[in-house]
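Trainee: Take this structure, written in structure tokens, and hold onto it; I'll ask about it next.
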Amino acid sequence: MLSSSSLRLALASAAALAPAPKLYAAAQAQASALEAVEEALLKDIMEAYVGHDASTCASAELANATSFSFDWPGANPDSDWFADFVPFEESNFQAIMSHDDAVGDRSWSIRIGTSGNVYSHSFPDRHGETIPPQRHDNAPWIDEVLQSVSVNSDLNKNPDYAQYCPGPDVNDADQCKSYFIHQAGAYQRDAPYTDVPFYSPSLARHCGGNSCTFASWGTSAHVATPFTSPVIYVNRYTNCGDGIIEHTQIIHNFADPSDPLSTPINTDQRYFNVPWGAVRSSALPFALEPDANTGELSYTDVNDVDYLPLCKWGDGDHDAPGSAAGRGARKDLQRTGGYTSFVAGGLLVNRTLPPILPWCRNNLDPNGPNCADAATCMVSSCTDAQVASGSHTRVKLFVPADSSPGCTKHVIWNGLVSLKCNMRDLGFGQSRPFLSSADPCAPWTNVGFYNSRTGEGVDVAFVRHWSYSPNNRLVYFAVFETDEQAAKDLVNGIFENRAALTGFNEPLPIEIRPTSNINSVPPGYDPSSLDAFTYVYGKGEEYVNNDVAGSSRRRLGSTQQGPHVKDFTVFTVNWRGARLKPGETYINRAYMFGSDLGSVETTAGNLVNETIADEIGQEQWSHRAVDVYRRGDAFAVVAAASSSSSAPGDAPTSCGSFASPVCSGTSAPRPGRVPFFYVSCGTSTYLGPDPYRFAPAFGSGFPGHGDIDNPVRSYLCDGQEMSIRPTWKMMGFFNASDAGCAALEATADITYDETVCETTLPPSKAPSSSPSKAASSSPSKAPSSSPSKAPSSSPSKA
């Protein structure tokens, strides 16, 4: 988490950076050819390839029920984001897309970041915000969002490549650099350069009808990094009505296959999240999946609920087959029912919860009896037989006679107050692991401390230490309170044991038990109306039939649940065991929807067979012409009206009377073509295939990499103020070896200017050599049709 001083610095810098994305605003205001180019690129990349399966969700009715805007709408207070990160949201925002369900309760809004990923999914008439609150250090809308991720597993934490391992032990994989290309952006781990978050930059965007499509350049997440990124992400969100969003993901490896640096080690992507997903645990604590054989989803009988144990993500091999994860273990898609549904609280699951037992003292510790060595005398568990034999003594919680717990603040943990209270006997040493739920694979269960006399209790967010020193009685734990005094008053009040106040002069035993035990099913119990959010990913037939190389699986797991904690359930679909080589593209179509639980089986069942996965080679695209026209040191880009499957690229382009066509390209990947980027850094501009043109030197060229001493920082403009960040636009796919295209790349500070395509020459900006001495014969009395407050026709380079 940023310190308060760092946060102030970051916010000041954020304000300075705010104008950077205005290239889009200027382009939009011009109603320009640039918008047409973006629409052409995105449409053809999404649709103009062999075997394209059109969306089934297109209709005028759906278009009328869909709205979108690129204007910042202000924060949504119902999303209840982590307060420290709220000021960063506006710089991440790119668009909002909404569905108005005029006759039902399935209206939704999604907010899309600069990277084209969903960072907010709001379902206001049901469960509210779906995405977690972002309590992740150094990661405001960077990790716990919906996004694609690509991994070069040849280079990821690989000690075989010492140049990427800071050491000191270069043979230790944990001391080598991670290679993860996030769609969302980079962690804030390269101070001071990322004190203001760097979100992956938008390359193109278009909304129309009932869909929005976005392209972005993926960012190496674990900065500072020695690695470059050859990944373009394209995402389309289509409103299918009834709360359903069709989500199409494209991952394109844009490294040039003919470049000597495009070696398999340097550029091949080998492991993917499609998507990496995130669900707010407190809103939707349960995960359900249907029977893979019958397709039936059971939930009405508390003894027969198709729920998934949610074991702690990253805790060893938490979701290994055969582990406590049970049905929640990682699973190839063909062995699933094709979807996972997350369900609101109120669902009853008859799950036997084990007793919550504190740590034990080993009375036979070789380092001495009675915890002579506090660091070695404790063990995490012991049996009742060991306790009975006297070889071990288990910690028991109680408040001594005629005493108060005397709770005081220990630390603030994730915004919660962690206390230290006198609640045990002397003679116990250090116990360390956190305990945050009654069952490690059932995060919807809490640990509760209960007054054995009154029955009053307190929910415990986590137990930090059952004991720490043999010389005191302190137990260390956090409660769901953010105010120090309120936390102390709560626990001291419930467990008060002074005789004058209670009438008892004896120890007060404290019971430790789950807070979610339900002894009976209430009359009329019907969970079908509970809120649900569902991911539909299909059964992976494309992988089974070898239409797509490798395999695909579903994974999920928990973190903490509740207010002021991460409140994050991990959900992801992996594509693995394949290589996405330079020039190749992976496509995945899936669905997500909000509904009541009773509708899930039918709605999801109808969508399972609509999912798609495919791999596309460069030669499989149809395309339209995209040409660069030049006049002096200015250029414009024009896309043809349409693509042709019979003769791709045969439709012509035009650009006024005074510009010359200098570089011919295409709207989609083709052999011998790579994307050209228009890059701006302050007053410097560039058009060409190198997105790192203005980054500080890193000892190689793209798609090669730097090393530990030469990090790759795409988010800096070399030699310029840190507050100046680059912007990028994708202009099409071109032959970098073509003389006209190469000349564009070689032209310093070549500038995008839509007036290049005007049919009349603009007035000269230089003074006339023979200035007129006479007044105009017909001076204008009318206001200018282009007032000075409108965006410049030449996009800002700042």
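Trainee: If you scan the stretch 238-289, which residues turn out to be among the hydroxyl-bearing types (S, T, Y) and in a loop (DSSP other than H, G, I, E, B)?
Mentor: If the condition is that a residue be among the hydroxyl-bearing types (S, T, Y) and in a loop (DSSP other than H, G, I, E, B), then S258, S262, T263, S281, S282 are the ones that fit.
Trainee: Residues of the stretch 327-358 being under 24 Å from the mean Cα position of the chain (by Cα) and open to solvent by 50 Å² or more (accessible area, probe 1.4 Å), which ones?
Mentor: Result: R330, single match.
Trainee: Within the stretch 704-715, which residues are surrounded by 22 or more Cβ atoms within 10 Å (Cβ to Cβ) and hydrophobic (A, V, I, L, M, F, W, C)?
Mentor: V712
Trainee: Among the strands (runs of 3 or more DSSP E) contained in the stretch 659-737, which hold 2 or more residues that are touching a Phe, Trp or Tyr at 6+ places or on another chain (Cβ under 9 Å) and of a type in the set (G, A, S)?
Mentor: Of the strands (runs of 3 or more DSSP E) lying wholly inside the stretch 659-737, those with at least 2 residues that are touching a Phe, Trp or Tyr at 6+ places or on another chain (Cβ under 9 Å) and of a type in the set (G, A, S) span 660-666, 684-688.
Listed here are the residues, each with its yes/no results for (1) free of Cβ contacts under 8 Å to residues at least 40 places away in the same chain; (2) in contact with a Phe, Trp or Tyr (Cβ under 8 Å, 6 or more places away or on another chain).
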{"site": "S341", "(1), (2)": "no, yes"}
{"site": "G345", "(1), (2)": "no, yes"}
{"site": "I356", "(1), (2)": "no, no"}
{"site": "D365", "(1), (2)": "yes, no"}
{"site": "V387", "(1), (2)": "yes, no"}
{"site": "V399", "(1), (2)": "no, yes"}
{"site": "T408", "(1), (2)": "no, no"}
{"site": "V417", "(1), (2)": "no, no"}
{"site": "G427", "(1), (2)": "no, no"}
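Trainee: Tell me whether the stretch 168-175 contains one or more residues that are part of a loop (DSSP other than H, G, I, E, B), modelled with pLDDT of 95 or more and of a type outside the set (V, I, T).
Mentor: Within the stretch 168-175, none of the residues are part of a loop (DSSP other than H, G, I, E, B), modelled with pLDDT of 95 or more and of a type outside the set (V, I, T).
Trainee: Test V637 against the stated conditions and say whether it is more than 30 Å from N152 (Cα to Cα), open to solvent by less than 50 Å² (accessible area, probe 1.4 Å) and either part of a strand (DSSP E or B) or touching a helix residue (DSSP H, G or I) at 6+ places or on another chain (Cβ under 7 Å) (or both).
Mentor: Yes: the conditions hold for V637.
Trainee: Please enumerate the residues belonging to the stretch 312-326 that are open to solvent by 10 Å² or more (accessible area, probe 1.4 Å) and in contact with a Pro (Cβ under 7 Å, 6 or more places away or on another chain).
Mentor: Those that are open to solvent by 10 Å² or more (accessible area, probe 1.4 Å) and in contact with a Pro (Cβ under 7 Å, 6 or more places away or on another chain): K312, A324, G326.
Trainee: Of the numbered conditions (1) in contact (Cβ under 8 Å) with a residue 60 or more places away in the chain; (2) on the phi < 0 side of the Ramachandran plot; (3) surrounded by fewer than 22 Cβ atoms within 10 Å (Cβ to Cβ); (4) assigned to a loop (DSSP other than H, G, I, E, B), I142 fails exactly one; give the number of that condition.
Mentor: (3)
To keep it simple, each residue is scored yes or no on (1) open to solvent by less than 30 Å² (accessible area, probe 1.4 Å); (2) over 22 Å from K396 (Cβ atoms).
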site: N422; (1), (2): no, no
site: S431; (1), (2): yes, no
site: C441; (1), (2): yes, yes
site: W444; (1), (2): no, yes
site: S452; (1), (2): no, no
site: G457; (1), (2): no, no
site: V460; (1), (2): yes, no
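Trainee: Filter the stretch 362-413 down to residues that are in a loop (DSSP other than H, G, I, E, B), open to solvent by 50 Å² or more (accessible area, probe 1.4 Å) and within 14 Å of V475 (Cβ to Cβ), then give me how many there are.
Mentor: Of the residues in the stretch 362-413, 1 are in a loop (DSSP other than H, G, I, E, B), open to solvent by 50 Å² or more (accessible area, probe 1.4 Å) and within 14 Å of V475 (Cβ to Cβ).
Trainee: State whether one or more residues within the stretch 564-585 are under 29 Å from L42 (Cα atoms) and in contact with a His (Cβ under 8 Å, 6 or more places away or on another chain).
Mentor: Yes; the residues of the stretch 564-585 include at least one that is under 29 Å from L42 (Cα atoms) and in contact with a His (Cβ under 8 Å, 6 or more places away or on another chain).
Trainee: Tell me which residues, restricted to the stretch 40-87, are small (G, A, S) and in a strand (DSSP E or B).
Mentor: Once the filter is applied, which keeps residues that are small (G, A, S) and in a strand (DSSP E or B), the stretch 40-87 yields S67, S69.
Trainee: Determine whether D100 is surrounded by fewer than 22 Cβ atoms within 10 Å (Cβ to Cβ) and more than 29 Å from V565 (Cβ to Cβ).
Mentor: Taking the combined requirement at face value, the residue satisfies it.
Trainee: Check T56, T114, T130 and return the single one that is of a type in the set (S, T, N, Q) and touching a Ser or Thr at 6+ places or on another chain (Cβ under 6 Å).
Mentor: Unique residue meeting the criteria: T114.
Trainee: Hey, another quick one. Mind listing whichever residues of the stretch 118-139 are under 12 Å from the mean Cα position of the chain (by Cα), closer than 22 Å to Y537 by Cβ and assigned to a loop (DSSP other than H, G, I, E, B)?
Mentor: Residues satisfying the conditions are I131, P132.
Trainee: From the list T685, T666, T653, T727, which residue is in contact with a His (Cβ under 8 Å, 6 or more places away or on another chain) and either free of Cβ contacts under 8 Å to residues at least 12 places away in the same chain or not basic (K, R) (or both)?
Mentor: T666
Trainee: Can you tell me how many residues in the stretch 620-633 are closer than 18 Å to A748 by Cα and either open to solvent by less than 20 Å² (accessible area, probe 1.4 Å) or within 36 Å of the chain's Cα centre (by Cα) (or both)?
Mentor: The qualifying residues number 2.
Trainee: Name the strands (runs of 3 or more DSSP E) wholly within the stretch 480-578 that hold at least 2 residues that are under 30 Å from R394 (Cα atoms), open to solvent by less than 70 Å² (accessible area, probe 1.4 Å) and modelled with pLDDT of 95 or more?
Mentor: Answer list for the stretch 480-578: 508-514.
Trainee: Name the residue, out of S120, S79, S107, that is more than 21 Å from C207 (Cα to Cα), of a type in the set (G, A, S) and crowded, with 17+ Cβ neighbours inside 10 Å.
Mentor: Unique residue meeting the criteria: S79.
Trainee: Which number in (1) on the phi > 0 side of the Ramachandran plot; (2) touching an Asp or Glu at 6+ places or on another chain (Cβ under 7 Å) marks the one condition that G427 misses?
Mentor: Failing condition for G427: (2).
Trainee: Moving on to the next point. Applying the selection to the stretch 176-205, what residues are of a type in the set (G, A, S) and in a loop (DSSP other than H, G, I, E, B)?
Mentor: Correct list: S178, A184, A186, A191, S200.
Trainee: Go through the residues of the stretch 31-39 one by one and say whether even a single one is of a type outside the set (D, E), under 28 Å from V343 (Cβ atoms) and in contact (Cβ under 8 Å) with a residue 40 or more places away in the chain.
Mentor: Within the stretch 31-39, none of the residues are of a type outside the set (D, E), under 28 Å from V343 (Cβ atoms) and in contact (Cβ under 8 Å) with a residue 40 or more places away in the chain.
Trainee: Would you check if N156 is open to solvent by 20 Å² or more (accessible area, probe 1.4 Å), part of a loop (DSSP other than H, G, I, E, B) and more than 19 Å from F698 (Cβ to Cβ)?
Mentor: The answer is no for N156.
Trainee: Also, I was wondering about something else. Given (1) farther than 30 Å from K43 by Cα; (2) buried (at least 17 other Cβ atoms within 10 Å of the Cβ), identify the lone condition not met by T683.
Mentor: (2)
Trainee: Might you check whether a residue that is open to solvent by 10 Å² or more (accessible area, probe 1.4 Å) and under 28 Å from the mean Cα position of the chain (by Cα) occurs anywhere in the stretch 295-307?
Mentor: yes
The values are calculated or read from the model by the stated rules, or taken from the named source; none is laboratory data. A quick note: this is a predicted structure, and the numbers were derived from the prediction, not measured. All Cβ positions, glycine included, derive from the backbone under ideal geometry; neighbour counts span all protein chains shown. Keep in mind that these areas ignore ligands, DNA and RNA; they rest on the heavy atoms of the full protein, side chains included. Shrake-Rupley method; radii C 1.70, N 1.55, O 1.52, S 1.80 Å.
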